[in-house]
Amino acid sequence: MKKLLINISLISLLAAGCTKTIDKEVPQNSISASDLANDVSSIRASLNGAYSAMLSGNYMGLRYWLFADLYADNISHVGTFPSFAQFASKNLLADNVEISNMWQQIYIAINRANTTIAAATSNNSSIFTDKASVIAQARALRAYHYFNLLRYWGGNENGYNKGNDPNGKTWGVPLRVNPTLSETDADPIARSGEAAIWNQILADLDPTAVIANLPTANNRIITQRAAQALRARVQLYREQWAEAESLSTTVINANPALVNTNFANGGLYTNLYGAVAPTSEVIWTLPFDPTNQNAIAFFYLPASLGGRNEVSATTTLRDAHEANDGRRIINFTSTTYPAGFPTSPAVNGKTLKYTRVSTGDDFFHHIRSAEVYLIRAEARARIGTDLSGAASDLNVVRTRAGLPNTTAATQAELLDAILRERRVELAHEGHRFFDLRRYNRLDLLSMTTNSHRVRLPIPQTEVFRSGTVIEQNPNY
Amino acid sequence: MRKIACLLAVLFIVSANLFAQNRTVTGIVTDEKDGTPLAGVSVTVKGTSIGTTTNNEGFFSLSIPSNARALTFSFVNYETRDLSIGASARYSLTLTSKDRNLQEVVVVGYQTQRKKEVTGAIAKVSGKDIENLPMQSFDRAIQGRAAGVNVQSNNGVPGGAVQVRIRGIGSISAGNEPLYVVDGVQINNGLLTTNVTQSNPLAFLNPNDIESVEILKDASAAAIYGARAANGVVLVTTKKGKAGRTNFQVNAYTGYSDPLKFIPVLNNAEFFQARYEGYLYQRITNPNNTPAQARTLALADMNLPSGTTDKQLQDLPNYDWQRDAAFRKGTVYNVDFSMSGGNEKTNFYLSASYNKQQAIIFPVDFSRGTFASTIKHKVTNKLTVENQLNLSTIYQKGPYSGGGGVTTAFGSPSYSASLMLPINPFKNPDGTFYGLPGSGQIFAGVFNQNLLATAEYDSRWQRTNQLVGNFKVSYDLAKGLKYTGLFGLDYRQIQNQYYGDPRNSDWFNRRGYAFAESQWNTNFITSHTFNYINSFGKHNINAVAGSEYRADVNEALSAEADGFPSSEFRYINSASNPLSVGGFWTGSKTFSLFGKVNYDFDKRYLFSATLRRDGSSRFGEDNFFAVFPSFSAGWNIVNEKFMESVKFISDLKLRVSYGQNGNDQIGNFSSRGLYGSGRVYGGSGGINPTQLANPDLRWEIREEWNAGIDFGLFQNRISAVVDVYRRVNKDLLLSRPLYQTTGFGSVTQNLGSVENKGLEIGLRTVNIDGRSFKWVTSFNISFQKNKVLSLYDGLQFLPSDPSIRVGQSLGSIFTQKYAGVNPATGRPMWYDINGNITYQPNANDRVIIGNTLPKQYGGLNNTITYKNFELDVFFQYDYGRLTFDGQYLRLLEIGSRISNAIKPDYDRRWQKPGDITDVPRPINGAAEPRGAAFTSGDRTFMRADYIRLKNLTLTYNVAKTLTSRLGVSSARFYVQGVNLWTYADWPGYDPEFLCDSMGLVPQSRNFTVGLTVGF
C-alpha cells in the first residue's frame, strides 16, 4: 500500500512537471512574437527585415515604379504578360495579378514595420540605445508605404488632397498601424478616407517625433535627410507648397552637389546608376546584391542580352528630350553610343539605368537630389513669388544634362518646363504617372473619358474576401 | 492477506505432518497434436503446493505423499488437466493447446483482452502469416491481410516507403498516417524520403521477430491513443521468451528478383516512321516539310545522314536499353538466428539477422543487420523487470535522383531506359561507356546520357542506425491491480551522401558535386499505467488508467559542395567550392492522461468506455488540451442460455461503438506566430513575420460509429467478422486565404469535414479438415466511400485545388475528357463542358473523371496442408482506382519528340482517313495547330485495378522421425514466389505505385528458397 502511494505521488509529480514543460517547446530556427520583443538584436534584425520587404519585384524591386511609367507615356509594353498589357493599354481589370501582388507586398512591408515598431516600443532594455532610431526608421518606412499605396489607389480624380469626389467620397486605403499577430487580428478593415492616410503619413514623418531620431549617415537606410526629402515630396503631392519649399531647401543645403556636373561630356552616368549610390546625390537607395537580386534589367533587355524583353522606353519619351540632352541615350538606348558610353546594350529603346542582367544588382534610387531641386522649383513656381529661384533650381538639373538655361519665364511656362524636366530627368524611376496625376493632365494619360482609371482597382480577391468591407474604387 | 498467509502456514505444517510417507512418480508430458515433449509444464499434487516442472524432454519426477489422489498439469496456452493416479509409478499424458479462436488474446493498447470480449473493430495479423517474406518491413507484408487496411508500396525500392491507410483518408492537409507502437514505444514515422533514397522507419524490425500485429481500426478501439489515433493505430508485439527448454532457430533464404515486365518500345525503323509522320503532318503549319524534308529531319534526329535508305535503317543494330542496360536480376539473401527460453523467474528472447536485397535497378539495394533482445526477470513474486532492445543498422544505395527514383532527369536508368533511342550503343568497342561528355560522341535524341555510366559512376548511399527499446517495471500492488512503468526510446540517425561524378554530364561542367546530410530523430516516451483485472461473481472488470509523456526532436545538418580534383576524390571535404550549409530543428512534446474500463456481465453483456486527455505543444495556447471519449458495447449471444440448443452456432457476438479521436499530425509550430530568418538587407541579416499565430488551432477530430458482428458456425469451421462504419473527420486543417492587408497570405484553421463510409468483411473457412489433408481459406474485402462534406465560407471547392469539391470524394481527378481521334484527320479530340467535341479544351472543361482512392480492396489466402507439405496461395487485389502514369505519358509521345515510344499504341495509331482509333497521328511537338497537347486530359489516367498473386509458398516440414534422427527438433524447406502473376490492364511497368511513375523503381517478381531449422 505504501508503495502504491509512492508510485501514485511520483506519477502525479511527473504529471505536474510535464504539463508545464510541454508548452515551452520552441522552434529553434524561428522565434515567437514575445521572443522578438525581448531581444534587442532581434528587434534590429526585424528592422532589417522591414527594409528588405521593399526589395521584392512586386514592389520597389521593379513593378511599383515600372508601372508608374508604363501606366503613363514613358514605357511601352513589348512583351507577353497580359497583366502588363493591361497597364499599357490602360484597361486594368480588378483581377490583374500584378495589382494584387503589389498591394499584398506593400501591406507585407507595412506589417513588418508595424511589427518592428510594436516590439521596439515594448522593449525598455537599457542596452537598447538605438530604440528611438529603430522606431523612427520603421515609422518613416511606414509613411513611405502608405504614401505609395495612396498614390496608386487613393486620391481624388483630379489629384491628391483635393477633398471629396463628385460623389461625395474621398478614397484612402485600409489603415493598419498595429501588427497582425494572430488570426484574431486578421479581420478586414474598411478603407479610411484620404485625409486620414495623409495624417498618418505626416505623423510618421513628424520632424520632431520621428525625423529628429533618424540616423544621419548611410543612404541605404532612411536618414534624416531622406525623411525630409520624402516629406517634401509628400507636401508637394498635398500641394502644401511652402513646406515643400522649406524642406527641400533644408535637404539641398545639407549637400547641394549633383553627381557628374555634365552628363553630355563623357557620359559618366555610371557613377550614378548601376550597383552604386553616391552620397553626393543619392539620398536614399535600395541596394541589391548577389543575395538579393532584382529582375529589372531582365525585364527590359532582349533575349539576346539575357532578358525577357517585356518593356521598352517609348519614342515619345525619346522625343521629349531637347537637342543635345545628355540624358537621351540613358533613357532611350540606341545601337550606337557617343564616346565614353559603354557599347551595350546596343539595342533601341532600353535604359542605361538598369543593365546588370546577370548579377541583378542595379540599385533603385528612392530619392535623389535632382528630384529635390525639381520639388523646390515646382513649389517656388506654384507659390509664384520666386519665379527666378524656380528657374535657377530647374537650371541646376538642366546644366548637368548639358542643356542651356530654361527660357520659361511665366509661372505657367515654368510649371510646364518643370513637368517636362521631371519626365526626362526622372524617367524609369517611377514618377511620370503621379506627376501627370498631380498636374491633372488626364489628356496626357489618355484618361479624359475614363477618369476613374486614375486610381488602380483594389484587388478583386480583397474586395470579395472581405464581403463589402473593403470597397472597390468606382467603376471597376 | 494475513489470513491467507496464516492459513498457508497452517496447511504446510499440517501437510508435513500428515504425509510423511512418500513415493515417487515419473512421466512424460507431450503435445496432443504433434507429440512433441513439453518442457516447463507445472506438475503439482492436486490440492497441495507439492510440485515440479518437466525438463527439456518433457520428463518429470515427483515425490508425492502416499495419499495423493490426483496430479494437476498446467502450462501456458494449454488446457489444464487433472490426472487421477493409482498405484502405477509412471504416468504419461498429453496436453491440449487452448483453442486459439476462443482464448486468443489481443493487444489493445496498455492492456490485453480476450478476443471474445473485444467490442471495438480490431484486426490481427499473426507474425506467422508474414514470416520469411522477402520484404524488409512488416507494413509491406500486411498488405491485403486485414480488412479495412489499405497498403500501397510507393515503389519497388527495397526497404522503401509504404503507405498505410486505415479506413480511408480523413484529412486534406494534415497527415493520414496511422500511429505505430512497437512494444509500447510510439514510433516517429516521419522522414520517409531523403535526398538519396527512401527510408522506412519500420524497417528497423526484422519481420521474423514479430509475434503479432494488431490494428485498432475504429475510433473506440483507437481512442486510448487520443489525439494520435484518428488514422488508426498499429500495435506491434515482438516475440518473447517462454519458460522451458531453450529453443534455437536458424532460418535462411535466398533468391532473386526479376522485372515484372518490360515496356515494348519501337525499333529504329519504327521510330523513324513515327518521327517521319510527325514531321509530315506538321506540313499544315510548316509548308517546308515535304516528304523528302520530313525524311531528312527524321534521319537527322537519329544522327543519320539524309541518304540513309530504308534497308540500311532495317539493318541498324537495335540496343535494348531496358533488358540489357537498366534492369538486372536482383538478389535477396536473408539469414536470421534466434534463441528463446528461460525458467520460472527469468526468460529471454535473443535474435540476430542479416538481410540483403539488390533491386532490379542498379545500384539500388538494401542491407540490414539487426539484434534484438528481450529479458524478463521476476525479482519477487510481485516485481517484474523487463528490458527490450532492437538495434539495427541499414545501408542502402539509392536510385538516381534519390527518393523512390521519381525524376525527369535524363541520367536516370529507370526513367530513360524505355525512352532512349535504340540506335544508341551502350559501350565503345574498347569497353568504355559510349557518349560521355568530352568524348565527342553524341547520343541521338533528347535522352542523351549513358544511363550505365550514370548508375556506375554516381554514388548515393544512406546509413540508418536505429535503436528502439524499452525498460519496463511492473509491480503487483494488490489482487488484480498491477502498476507498469515504461521508459522507451526510438532513436534514429540517417546519414546520407550523394556524389555526382564529374565524368557524367550533369556534373561535368561543375567538376563533380557532393551533398552530405545527417538527420537525427530522438523520440522519448514514458508511460505509467495501473491495470486492474478482477471478477466479482459474474461481474468482470478489466481496467487501465495511466499517464504518458512523449518528447520528439528531429534535426538535421547538411552541406553541399562542388569542384572536385577528379572522380577519384569522392568525399565532400575534397571539394574546392563549398556551396551551402543547411539544417533544421523541430520538436514536440505531449502529455496525456487516459483511462479505459472494460466491464462484462457473465461474458454476455460487454461494455467499454475510454477517456483520454492530451496536451500537445503543437496545439494553439487556447486549445492546449483535448479530451477524447469513446464507448462501446457488445453482446455475446452465443453465451446466452437459449443458444445452448442451437448447436451449429459456435460463436455469435454483436458489437457497436462510438468514439472520438484527434489527428495531431500538423506542423510542430503551426499554431505559433513566427518570425523567420533568411532576409538580408544591405548585407546584414534580417527577420520578418513568417506565420500568423492561431491560438485556436487544434487537432482534427474523427468521430466514428462502428457496428459489427462476429460469428462462427460448425465449431468455427466457418467464421466471419463484418463491420460497417461511418467516420466523419471534422475541423480539418485548411489554409484559408487572408485579406492581403494583414500582411499574410493565408492562415491555417480548423475548417471543413470529410466523411468515410465503409463495409469490411473478413471470412475464414476450414474447407477440409481431414487427418492428413487440411484446407483453410481466408478472405477479406473492404468497400470504401469518401465524400467531402464541407469546406469553409460556403465554398464548393478549394480555390487552391479545384479537385477538392463538396459532395465529391477526396482524390478526385479533375480534368478534361478525351473524345478519341477524328477518323477523317487523325486529330485528337476532347469533350468540352457541354459534351461537344473540341480540339482545344480549357480549364472550364474539366470534370471529375474518377478517383485515385480504391473503391474495394482486400486479399484471399488459401492454406492447404497435406501430410508434411503446406501450400500458401495469397492473392491481393485493389479495385476502382484511377492513376496517372507519367512514364506512359512520355512513351505516348509517338513521333512528337526525339524519344522512344510505346509499341502497342504506335501500332494502333491513326494512319489513314477512316481509321477508328484512340491514338492520334504523330505530330512533331505533340500538339496539332490550334489544338491541345495530344496527351492532355484524361488520356493518361487509367484504371489501376489489379489482382495479384502476391505470395505463393510451398513448405515441406521434415517428418519428426527424421528430425529426431538428425538431432534437431524441427526443420522445414520452402520455396516462395512473390508477385508471380498480376492481372492488370496497365501499359506501364506496374499499377502499384504512389505519386508519379516517372523514373521510379518498379515492383519486382521474387523467387526464394529457404530453410528453417529448430533445435
Which one is farthest from A:ALA377 (Cα to Cα) among residues in region A:390-399 that are surrounded by fewer than 22 Cβ atoms within 10 Å (Cβ to Cβ) and touching a residue at least 40 places away in the same chain (Cβ under 8 Å)?
A:THR399
The one condition B:LEU419 fails out of (1) over 20 Å from B:LEU260 (Cβ atoms); (2) touching a residue at least 12 places away in the same chain (Cβ under 8 Å) is (1)
Those residues that are within 7 Å of chain A (Cβ to nearest Cβ), buried (at least 18 other Cβ atoms within 10 Å of the Cβ), within 37 Å of the chain's Cα centre (by Cα) and not hydrophobic (A, V, I, L, M, F, W, C), I need them from region B:676-694; list them, please.
B:ASN694
Please verify whether region A:353-367 includes one or more residues that are touching a residue at least 12 places away in the same chain (Cβ under 8 Å) and farther than 30 Å from A:ALA295 by Cα.
no
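Applying the selection to region B:531-568, what residues are part of a loop (DSSP other than H, G, I, E, B) and in contact (Cβ under 8 Å) with a residue 60 or more places away in the chain? Explain how you work it out, then say what you get.
Here is the first cut: in region B:531-568, the ones part of a loop (DSSP other than H, G, I, E, B) are B:537-538, B:563-568.
Matches in region B:531-568: B:LYS538, B:PHE564, B:SER566, B:SER567.
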Would you check which residues across region A:87-113 are without any contact (Cβ under 8 Å) to a residue 40 or more places away in the chain and either within 14 Å of A:PHE433 (Cβ to Cβ) or of a type in the set (Lys, Arg) (or both) and list them?
A:PHE87, A:ALA88
Can you tell me which residue within region A:62-107, out of those that are crowded, with 24+ Cβ neighbours inside 10 Å and of a type in the set (Ser, Thr, Tyr), is farthest from the other protein chains (Cβ to nearest Cβ)?
A:TYR71
How many residues, within region A:183-206, are more than 14 Å from every other protein chain (Cβ to nearest Cβ) and of a type in the set (Asp, Glu)?
3
Any hit, region A:116-134, residues being within 13 Å of chain B (Cβ to nearest Cβ), within 29 Å of A:GLU239 (Cα to Cα) and crowded, with 22+ Cβ neighbours inside 10 Å
no
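In region A:169-228, what residues are of a type in the set (Ser, Thr, Tyr) and surrounded by fewer than 18 Cβ atoms within 10 Å (Cβ to Cβ)?
If the condition is that a residue be of a type in the set (Ser, Thr, Tyr) and surrounded by fewer than 18 Cβ atoms within 10 Å (Cβ to Cβ), then A:THR184, A:THR208, A:THR216 are the ones that fit.
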Is one or more of the residues making up region A:66-88 under 20 Å from A:GLY360 (Cβ atoms), out of contact with any strand residue (DSSP E or B) (no Cβ under 8 Å at 6 or more places or on another chain) and in a helix (DSSP H, G or I)?
yes
Identify, from the list A:TYR51, A:TYR59, the residue that is more than 9 Å from every other protein chain (Cβ to nearest Cβ), out of contact with any Gly (no Cβ under 6 Å at 6 or more places or on another chain) and modelled with pLDDT of 70 or more.
A:TYR59
Being of a type in the set (A, V, I, L, M, F, W, C), crowded, with 23+ Cβ neighbours inside 10 Å and over 30 Å from B:GLY244 (Cα atoms) narrows it down to one residue among B:LEU421, B:LEU436; which is it?
B:LEU421
Could you list, in sequence order, the residues of region B:578-604 that are closer than 24 Å to B:ILE224 by Cβ and surrounded by fewer than 15 Cβ atoms within 10 Å (Cβ to Cβ)?
B:PHE601, B:LYS603
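Restrict the check to region B:592-613 and report whether at least one residue is of a type in the set (D, E, K, R), away from chain A (no Cβ under 13 Å), farther than 30 Å from B:THR529 by Cβ and not in a strand (DSSP E or B). Break it down stepwise before answering.
Here is the first cut: in region B:592-613, the residues of a type in the set (D, E, K, R) are B:596, B:600, B:602-604, B:612-613.
Next cut, away from chain A (no Cβ under 13 Å) only: B:596, B:600, B:602-604, B:612.
If we keep only those that are farther than 30 Å from B:THR529 by Cβ too, we end up with none.
Scanning region B:592-613, I find no residue that is of a type in the set (D, E, K, R), away from chain A (no Cβ under 13 Å), farther than 30 Å from B:THR529 by Cβ and not in a strand (DSSP E or B), so the answer is no.
Every residue in region A:436-470 that is of a type in the set (D, E, K, R) and touching a residue at least 60 places away in the same chain (Cβ under 8 Å), please.
Looking only at region A:436-470, we keep the residues that are of a type in the set (D, E, K, R), and these are A:437-438, A:441, A:443, A:453, A:455, A:462, A:465.
Correct list: A:ARG437, A:ARG438, A:ARG453, A:ARG455, A:GLU462, A:ARG465.
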With region B:199-259 as the region, which strands (runs of 3 or more DSSP E) entirely inside it contain at least 3 residues that are touching a residue at least 12 places away in the same chain (Cβ under 8 Å) and among the polar types (S, T, N, Q)?
B:244-259
Taking B:ASP793 and the conditions (1) acidic (Asp, Glu); (2) part of a strand (DSSP E or B); (3) within 14 Å of chain A (Cβ to nearest Cβ), which numbered condition does it fall short on, given that it satisfies the others?
(2)
Which one is modelled with the lowest pLDDT among residues in region B:354-404 that are aromatic (Phe, Trp, Tyr) and buried (at least 23 other Cβ atoms within 10 Å of the Cβ)?
B:TYR400
Test each condition in (1) under 29 Å from B:GLY109 (Cβ atoms); (2) more than 14 Å from chain A (Cβ to nearest Cβ) for B:PHE487 and report the one that comes out false.
(2)
Scan region B:549-572 for residues that are within 12 Å of chain A (Cβ to nearest Cβ) and either crowded, with 20+ Cβ neighbours inside 10 Å or of a type in the set (Ser, Thr, Tyr) (or both) and jot them down.
B:TYR549, B:ARG550, B:ASP552
Condition test on B:GLU621, is it over 30 Å from B:GLU517 (Cβ atoms), modelled with pLDDT under 90 and within 14 Å of chain A (Cβ to nearest Cβ)?
yes
Name the single residue, out of those in region B:765-796 being among the charged types (D, E, K, R) and out of contact with any Lys or Arg (no Cβ under 9 Å at 6 or more places or on another chain), that is farthest from B:SER173 (Cα to Cα).
B:ARG771
Just to be sure before I move on: is A:GLU429 within 30 Å of B:LEU795 (Cβ to Cβ), of a type in the set (Asp, Glu), surrounded by 15 or more Cβ atoms within 10 Å (Cβ to Cβ) and touching a residue at least 24 places away in the same chain (Cβ under 8 Å) in the structure I sent?
no
Select, from B:SER896, B:SER936, the only residue that is surrounded by 21 or more Cβ atoms within 10 Å (Cβ to Cβ) and under 20 Å from B:GLY278 (Cα atoms).
B:SER896
Name the pairs whose Cβ atoms lie under 9 Å apart, with the first residue in region A:156-182 and within 14 Å of chain B (Cβ to nearest Cβ) and more than 30 Å from B:ARG672 (Cβ to Cβ), the second surrounded by 15 or more Cβ atoms within 10 Å (Cβ to Cβ) and aromatic (Phe, Trp, Tyr), and 6 or more positions between them or separate chains?
A:GLY172/A:TYR146; A:GLY172/A:TRP153; A:GLY172/A:TRP198
Could you pull out every one of the strands (runs of 3 or more DSSP E) wholly within region B:62-161 that has 2 or more residues that are in contact (Cβ under 8 Å) with a residue 40 or more places away in the chain and more than 30 Å from B:SER650 (Cα to Cα)?
B:149-153
Every residue in region B:297-323 that is within 23 Å of B:SER418 (Cβ to Cβ) and of a type in the set (Ser, Thr, Tyr), please.
B:TYR319
Mind listing whichever residues of region B:659-675 are within 18 Å of A:ILE31 (Cβ to Cβ), more than 9 Å from chain A (Cβ to nearest Cβ) and either of a type in the set (A, V, I, L, M, F, W, C) or crowded, with 22+ Cβ neighbours inside 10 Å (or both)?
B:SER671
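The values are calculated or read from the model by the stated rules, or taken from the named source; none is laboratory data. Because the structure is a prediction, the values reported are computed rather than measured. Backbone-built Cβ (ideal geometry, glycine too); neighbour counts: all protein chains shown.
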